[in-house]
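The values are calculated or read from the model by the stated rules, or taken from the named source; none is laboratory data. Everything quoted here is computed from the prediction, not taken from an experiment. In this analysis, Cβ positions are derived from the backbone assuming ideal geometry, glycine residues included, and neighbour counts consider all displayed protein chains. SASA here: full protein model, heavy atoms, side chains in, ligands and nucleic acids out. Shrake-Rupley method; radii C 1.70, N 1.55, O 1.52, S 1.80 Å.
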4 protein chains.
Amino acid sequence: MAGSTLGTIFKITTWGESHGKGIGVVVDGCPAGISLAEGDIQSYLNRRRPGQSRFTTQRRESDAVELLSGVFEGKTTGAPISMIIRNQDQKSTDYSEIAGYYRPGHADYTFDAKYGFRDYRGGGRSSGRETIGRVAAGAIAARLLCNLGISCMAYTRSIGPIEIQSFDRECIGTNPLYMPDADAAEKAAHYLDACRKEQDSSGGLIECVIDGVPAGIGDPVFEKLDALLAKAMFSIGAVKGFELGNGFSVAHAKGSENNDSFYMTEDNAVGKRTNHAGGILGGISDGSPIVFRVAVKPTPSISAMQQTVTTSGEAIDVSIHGRHDPVIVPRAVVVVESMAALTIADALLLHMTSRMDRICQFYDRL
Amino acid sequence: MAGSTLGTIFKITTWGESHGKGIGVVVDGCPAGISLAEGDIQSYLNRRRPGQSRFTTQRRESDAVELLSGVFEGKTTGAPISMIIRNQDQKSTDYSEIAGYYRPGHADYTFDAKYGFRDYRGGGRSSGRETIGRVAAGAIAARLLCNLGISCMAYTRSIGPIEIQSFDRECIGTNPLYMPDADAAEKAAHYLDACRKEQDSSGGLIECVIDGVPAGIGDPVFEKLDALLAKAMFSIGAVKGFELGNGFSVAHAKGSENNDSFYMTEDNAVGKRTNHAGGILGGISDGSPIVFRVAVKPTPSISAMQQTVTTSGEAIDVSIHGRHDPVIVPRAVVVVESMAALTIADALLLHMTSRMDRICQFYDRL
Amino acid sequence: MAGSTLGTIFKITTWGESHGKGIGVVVDGCPAGISLAEGDIQSYLNRRRPGQSRFTTQRRESDAVELLSGVFEGKTTGAPISMIIRNQDQKSTDYSEIAGYYRPGHADYTFDAKYGFRDYRGGGRSSGRETIGRVAAGAIAARLLCNLGISCMAYTRSIGPIEIQSFDRECIGTNPLYMPDADAAEKAAHYLDACRKEQDSSGGLIECVIDGVPAGIGDPVFEKLDALLAKAMFSIGAVKGFELGNGFSVAHAKGSENNDSFYMTEDNAVGKRTNHAGGILGGISDGSPIVFRVAVKPTPSISAMQQTVTTSGEAIDVSIHGRHDPVIVPRAVVVVESMAALTIADALLLHMTSRMDRICQFYDRL
Amino acid sequence: MAGSTLGTIFKITTWGESHGKGIGVVVDGCPAGISLAEGDIQSYLNRRRPGQSRFTTQRRESDAVELLSGVFEGKTTGAPISMIIRNQDQKSTDYSEIAGYYRPGHADYTFDAKYGFRDYRGGGRSSGRETIGRVAAGAIAARLLCNLGISCMAYTRSIGPIEIQSFDRECIGTNPLYMPDADAAEKAAHYLDACRKEQDSSGGLIECVIDGVPAGIGDPVFEKLDALLAKAMFSIGAVKGFELGNGFSVAHAKGSENNDSFYMTEDNAVGKRTNHAGGILGGISDGSPIVFRVAVKPTPSISAMQQTVTTSGEAIDVSIHGRHDPVIVPRAVVVVESMAALTIADALLLHMTSRMDRICQFYDRL
């Protein structure tokens, strides 16, 4: 089944494997007239590029994007925008060994079960490198949102037991773990060093805040804005939980605690005194910031010994070596941000047809 | 935008408002040849029907389904199956008062922001009654799955601070809270009685276990099986969190703890010694039971006093009376089960085209 | 597969069989705020209702629509609009005989081949009655278009060898064959009487003109506006050909004859001196009227003797009696008009996101 | 809107402009396990490559395909197959002149109307070069069909007034006009030479025959197999008419002439004595060859003088020079064949879920 496409109006299609010729994405349905250059995309890609710190794989990839279509004289034309990022350091010899067995925590077994065989060079299609296409597309969505005064900001909320205790936006980009709290970042770095010594890896939490979404975006039934965000986040490998606003804690809450009171703001708009809801009511944005968290599992590739089976059904013990991140979280931050931007951009475009009076205004102007 | 349709092959479209003429659903893409009678659907609807205990709204609705098409001589024909459930006890006078203000925790404000006005008779389209269509369709999906040896079972895991301590499948249907632990059910009932006295309401957790899904179902990128489940669950009003397998606890875990070891089972299949992954690896089912949890917020309609604003921008205090459930969880159990069944059924049908050798076998037999 | 849904934003889902409980449609994605009453829909349905002349089936059906949802205080709310038309005169005894063999020119055999069995009461799902749902939905699309100054007008261009020689718009509604030429209508009526005497039936041509579509609607690749119209028209049973503008005659034309010259109109817009293109260039509307024709085959149910086989593989001769139209064309006129309206409405809504400057203007106004 | 994607299961997304960096396509949903090499695709592309005869543009393009993903060890893996064909001879100086005015018969004006501006280097996105992506994808669809014993064959039926009088399959590939009648091909060549002398161009007819499709493929309502073919064909630029089987001639026919009688074949299958229906009844294949024709307009770029307007609204006379084909038909033959293969492949995959008994059989085997 064709599962590599996402979106209804602003639609992306990704392709590519970890050890094939490259990774790419086609963005279709992008409105005409957005200023766009390769540099806009490259700056997003650089945030997830490997080899930037000791906490990410040492695979050497420049992850340089080539913009192939859909932009003319510096502006999007309305035609599909195709982008390619060539793989450079695909040492598939690293991986020939894993062809013969199923790595615990990976999709090796399920790919074989689905397709009868698999591209065993690294993660193949289920590699983290697949997210390059999402980030390249997300950079374009972010530019679209920027034109409308909307921003998506993701950061690491916790790594293993280390959670942020303060929030400094400026701090996020200054540490390799993308934490908004320098102290926590330092502690988390020590924790990861310890994990590595134990040949182990760590999970963590990513939080994302979307500012500037006007009230009224999203649909009330199956295409709820939070349902679309949930799907987008769970489509990122390694995500095992998603929650909006107060999230799982609502299970213990009472209605009187959990409801957000409405009030009139100084500029005479409807505001909420709290934001337990996380910015979405009944699937539709309420004008408050949209806030959600995703739980990311520890890197499954660890050098500690593990039990598994070969493709021919023999029990074996394995220790997985290679160039793996000891934690997935930091490099997933920009992926979360990109998937959020893609989801919001599509929802904004879909929203434009909700009222006949506004449709009439729109067409009067033609 | 058209957000009332879900699914790619097994596709449902719901319609109807809480205080309109009725609620309905069209199931399109259901395979021909499944035995189906109104009773099969009614038994599912009865599980979410109001008025069954003191914990659910006292609105009187028989919620009787009428099967309008797509079934001939007791079997599905492949044509769309249309079902209608007429509303009977829509006292919209109950609701005329709420036309003028925005209820905290409800979608009143966001509907006005989206559509310019709203059907203010009760929740309108965002009422819990909308889920009737999902349950009627879910009953059909469950029959399809049953033919393939697959079952979905949801139950209440906790209400407020009361969590189950034991698991007895038989117990689920014997208490009005659908808990698999009779003691917990009794404690939860007391807790809810206390909430009601305080004019308040409670949240809770629903857990769902899907047994019998073969390995290989789901897609590796955007249409991951867990991503589809996440979307389906978040499309249920009041859901604020979704987690698969070990879920949010993976954020604190290490790789060595979180990975599931593979082994060969007695009948020479690949098995997993643990199921931290919750039955899905890389978006594709791994043959273990699929296990997930959803967090459900407390009923937002409470009679305790709350602050809000009127549609004309005046601050007021309100106490919401009416026939509301003090907890949403128990009646949402069958909705969760239905949405799970719909998601799995669609994924199974989509899966059939993944391998050319099996497609050839299929067509050879024609 | 789920093939009963059409459209991307303005989306319809039809259901029902010729001899089941009824026929219906759900319109999802209709913008909020359109004035709508049952009468608006009924007037469209009356144009295809049986029994209006000697050229249509004598089956007695009032085809009365019941509006079930999506309209509140006389206006569409943005929620799905569900409509049901109950069958009244489903004499399925008429049809018990046809259960056993395959009628030539009908879908009996192909349904059995696809689904393993069929609802043999009349045409079942492939009956002309299925189009009732399209017309009910088309009536709503037509109201949407009317708000934007757009109209769709279909009429009979020819029946058998009788083609219109003149065009009088007022005349269309005054003859049972919906021809814009009273003389031709009379001749065609005589021709049909002769066909009936010979126990035979006749084909014909329907033409449709869509006025008021601004330039710029439609997409340049797979979702060309003419491609969508072609699909919509070919989805009507009995249609065997579709052509736009000069249509098939372009095969014999030269470029110098076929190109339409551009010029500046009096109000300083870009106009075309001719309209060989039929109002669409490169898949996108050019501001001229959109003009197309569809070829409709003769009613396959004829009482003249025909050869066929039984479901158990025996050769037999059959003469099909029943209440059949001697010509499909006149009752298909409003179906063509409805499908055109649905296609154009969806394309107009989709078009709103094509330019970033207009999206910015739209959201500034919120 | 995202209009560059086609298909439900076997899904293609094309990108690229005539004078950009290249043209490409992503094929998603292709089953795993099909043998595939670049050569399989190249042989299709070579059939539409320019410069092969005096009847096609002299633009020099090798149109060499690079396969970027989705194939491993010579077999499709189930992952998206990305292909790129770099443009080589994009002399966009040829086209700088046309930036300032609207070419008659082209989409220049409608692109400006839709997007506010356009990539004026040649046809941009609406160039015939866009079809390269379709043909590359069609080659893969054709391989899939080949595995199931299904073939699509298109050829030129007429050019201007010259229609084929005989049919020799072997002849098709031996003349540059792809006609199955050598005499007609010679006459047509003379006719085209004359057109060119007059600085003019010619239209024509393409016919396509699809053999081997089993009965039962396609859906009975909106996704009729013929409706999908109609859309696919009309999505090819320059197509102005589509007809199935007897097509437009049914408008003059009687039921007794047009119906196809059923009979039992020697191997005890249901056959049809004639094939006026063109292989599809009620939207579903009937087991006979599927036969359709498309009308292709004359190349709109002609050097004869034409009237038009500039983008700033001035009337001018233009003579369009450049490297244009005097007839579109021959190079469109393989495009028609490709679009047919894509449509049938997708329909076959969708069909697999129509019957519960076969689904059970399929899953039993897992």
**OP:** Find every distance from the label point of D:ALA315 to the corresponding label point in the other copies (7 Å from Cα along Cα→Cβ) and write them in nm, one decimal, shortest first.
**Re:** 6.8, 6.9, 9.1
Subject >> Nearest beta-carbon to the A/C symmetry axis - residue in chain A, distance in Å >> reply: A:MET352, 2
Subject >> Chain lengthening between A:SER43 and A:ASP364 when straightened (0.36 nm per residue, less Cα-Cα) >> reply: 111.6 nm
Original post:
Using bins 20 angstrom wide from zero, how does P(r) for the protein assembly as shown break down, in % of all Cα pairs?
Top reply: 10, 39, 38, 12, 1
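Expressed as a whole percentage, what fraction of the accessible surface of the range A:33-78 belongs to carbon and sulfur atoms when a 1.4 Å probe is rolled over the protein heavy atoms?
45 percent
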Subject >> Across the identical copies, how the A:MET264 labels are spaced - nm, sorted shortest first, 7 Å along Cα→Cβ >> reply: 5.2, 7.6, 8.4
Original post:
Using the reciprocal of the averaged 1/r over all distinct C-alpha pairs, how large is the Kirkwood radius of the range B:5-364 in Å?
Top reply: 21.8 Å
**OP:** May I ask for the distance between the Cα centers of the range D:172-188 and the range A:147-169, given as a whole number of Å?
**Re:** 68 Å
**OP:** Calculate the mean, over all residues of peptide C:15-27, of how many other protein chain Cβ atoms lie within 10 angstrom of the residue's Cβ.
**Re:** 6
Subject >> For C:121-129, mean number of other protein chain Cβ atoms within 10 Å >> reply: 3
**OP:** Please report the buried accessible area for the interface of C with B, total over both chains, probe 1.4 Å, in Å² to the nearest 100.
**Re:** 3400 Å²
Original post:
Tell me, what is a quarter of the convex hull surface for the C-alpha atoms of the range C:1-89, in nm² with one decimal?
Top reply: 6.6 nm²
**OP:** Using a 1.4 Å probe and counting only protein heavy atoms, arrange B:LYS21, A:LYS254 so the residue with the most accessible area comes first.
**Re:** B:LYS21, A:LYS254
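So, with a 1.4 angstrom probe, what is the percent of accessible area on the range A:319-366 that is carbon and sulfur?
Its accessible area is 48 percent carbon and sulfur atoms.
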Original post:
Per residue, how much accessible area does the range A:71-142 have with a 1.4 Å probe, in Å²?
Top reply: 27 Å²
Subject >> In Å, descending, principal axis extents of the Cα set of the range C:319-366 >> reply: 66, 17, 14
Original post:
Based on the Cα coordinates of the range D:105-149, what is the per residue volume of their convex hull in Å³?
Top reply: 91 Å³
Original post:
How many nm separate the modelled label positions at A:SER96 and D:SER35, each set 7 Å beyond the Cα in the direction of the Cβ?
Top reply: 2.5 nm
Original post:
What is the average number of partner chain Cβ atoms found within 10 Å of a Cβ in B:203-215?
Top reply: 2
Original post:
Given a Förster distance of 25 angstrom, what is the FRET efficiency for C:ARG169 paired with C:GLN52, based on the Cβ-Cβ distance and rounded to 0.05?
Top reply: 0.80
**OP:** May I ask for the angle, rounded to the nearest 10°, between helix C:329-351 and the longest principal axis of chain C, with both axes built from Cα atoms and the value confined to 0 to 90°?
**Re:** 30 degrees
**OP:** Kindly report the accessible area of the range B:240-344 per residue (heavy atoms of protein chains, probe 1.4 Å, no ligands, DNA or RNA), in Å².
**Re:** 31 Å²
**OP:** Mind scanning A:LYS297/B:LYS254; C:LYS240/D:LYS231; B:LYS11/B:LYS224; A:LYS75/C:LYS224 and naming the pairs with a C-alpha gap bigger than 19 Å?
**Re:** A:LYS75/C:LYS224
Original post:
Which angle between 0 and 90 degrees, to the nearest 10, do you get for helix B:38-48 versus the longest principal axis of chain B when only C-alpha atoms count?
Top reply: 60 degrees
**OP:** Would you please give the residues with an amide H less than 5 Å from that of B:ILE284, counting only those at least 5 places away or on a separate chain, with H modeled from the backbone geometry?
**Re:** B:LEU225
Subject >> For the range C:131-233: Kirkwood Rh in Å [reciprocal of mean 1/r, alpha carbons] >> reply: 15.8 Å
Original post:
Under a 5 Å amide H to amide H cut-off, with H placed in plane at 1.01 Å, what residues pair with B:THR299 once short-range neighbours are removed?
Top reply: B:SER202, B:ILE328
**OP:** Mind putting together the pair-distance distribution for the range D:171-217? All Cα pairs, 10 Å bins, whole percent per bin, short to long.
**Re:** 22, 40, 22, 12, 5
Original post:
Cα axis of helix A:225-234 to longest principal axis of chain A: angle in degrees, 0 to 90, nearest 10?
Top reply: 10 degrees
**OP:** Output the peptides C:149-160, A:119-130 sorted from most to least packed, where packing is the average of other Cβ atoms within 10 Å over each peptide's residues.
**Re:** A:119-130, C:149-160
